[in-house]
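S.K.: Could you have a look at this structure, given as structure tokens, before my questions?
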Amino acid sequence: MREKLQRFMAGRYGVDELSKFYFILTFVFLILSMITRVGIFYLLGIALLIYTYWRTFSKNISKRYEENQKYRTARYKIVAKWGLFKKHFAQRKEYRFFHCPTCKQKVRVPKGKGKICITCPKCRTEFVKRS
């Protein structure tokens with residue numbers, strides 16, 4: 001049985017991170033369709049399930065790899081922005097964040113110091129802000 005499966009999957013792409021994400025999204029759509037009784041969620045879930053299986057059994061490995069890399073890049077950008085947001089949110093009581101008017105570099109200054117002259121570490125532009 002295992003040998004038959006290995007022969008069948010030979011030269012095929014298989015399951016990757018994007019496929020796993022699509023499987024999870026499929027189940028979310030199907031559960032939403034059961035809860036809300038809205039048919040569009042059911043259709044979306046079934047269509048996504050069919051597409052996910054098609055991707056899994058595809059022999060165009062380079063195209064599937066490229067799709068997965070785009071997904072991973074987009075996911076990384078979202079995770080990185082979320083991490084930066086959490087970091088800034090945790091520091092909101094001690095620091096203020098400003099953007100340099102010239103180069104748009106983000107500058108962190110201590111809060112509660114009144115009107116201060118901020119020097120951008122990147123381009124050395126000085127600008128005055130209230131902290």
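The values are calculated or read from the model by the stated rules, or taken from the named source; none is laboratory data. These numbers were taken from a predicted model, which means no experiment stands behind them. Note that each Cβ is placed from the backbone with ideal geometry, even for glycine, and that neighbours are counted across all protein chains shown. These accessible areas exclude ligands, DNA and RNA; they are computed on the full protein's heavy atoms, side chains included. Shrake-Rupley method; radii C 1.70, N 1.55, O 1.52, S 1.80 Å.
S.K.: For the range 2-36, how many residues are modelled with pLDDT of 90 or more and of a type in the set (K, R)? Quick ask: steps written out before the conclusion?
M.R.: Going through the range 2-36, the residues modelled with pLDDT of 90 or more turn out to be 17-36.
Okay, now just the ones that are also of a type in the set (K, R), so 20.
Of the residues in that region, 1 qualify.
S.K.: Which one is nearest to R130 (Cα to Cα), of the residues in the range 85-101 that are of a type in the set (A, V, I, L, M, F, W, C) and open to solvent by 100 Å² or more (accessible area, probe 1.4 Å)? Give the steps one after another, and end with the answer.
M.R.: Initial filter on the range 85-101 (of a type in the set (A, V, I, L, M, F, W, C)): 85, 89-90, 97-98, 100.
With the extra rule that they be open to solvent by 100 Å² or more (accessible area, probe 1.4 Å), the set shrinks to 85, 89.
On the way: F85: 22, F89: 19 Å.
Out of the qualifying residues, it is F89.
S.K.: What is the residue count in the range 59-84 for residues that are surrounded by 12 or more Cβ atoms within 10 Å (Cβ to Cβ), at pLDDT below 95 and basic (K, R)?
M.R.: Qualifying residue count for the region: 2.
S.K.: Are any residues in the range 48-72 in contact (Cβ under 8 Å) with a residue 40 or more places away in the chain, in contact with a Ser or Thr (Cβ under 7 Å, 6 or more places away or on another chain) and among the polar types (S, T, N, Q), and if so, which ones? Even if it seems obvious, please write down each step before you answer.
M.R.: So in the range 48-72, the residues in contact (Cβ under 8 Å) with a residue 40 or more places away in the chain come out as 55-61, 64-65, 67-68, 71-72.
Remaining after also requiring in contact with a Ser or Thr (Cβ under 7 Å, 6 or more places away or on another chain): 55-56, 64.
Passing the criteria: only T56.
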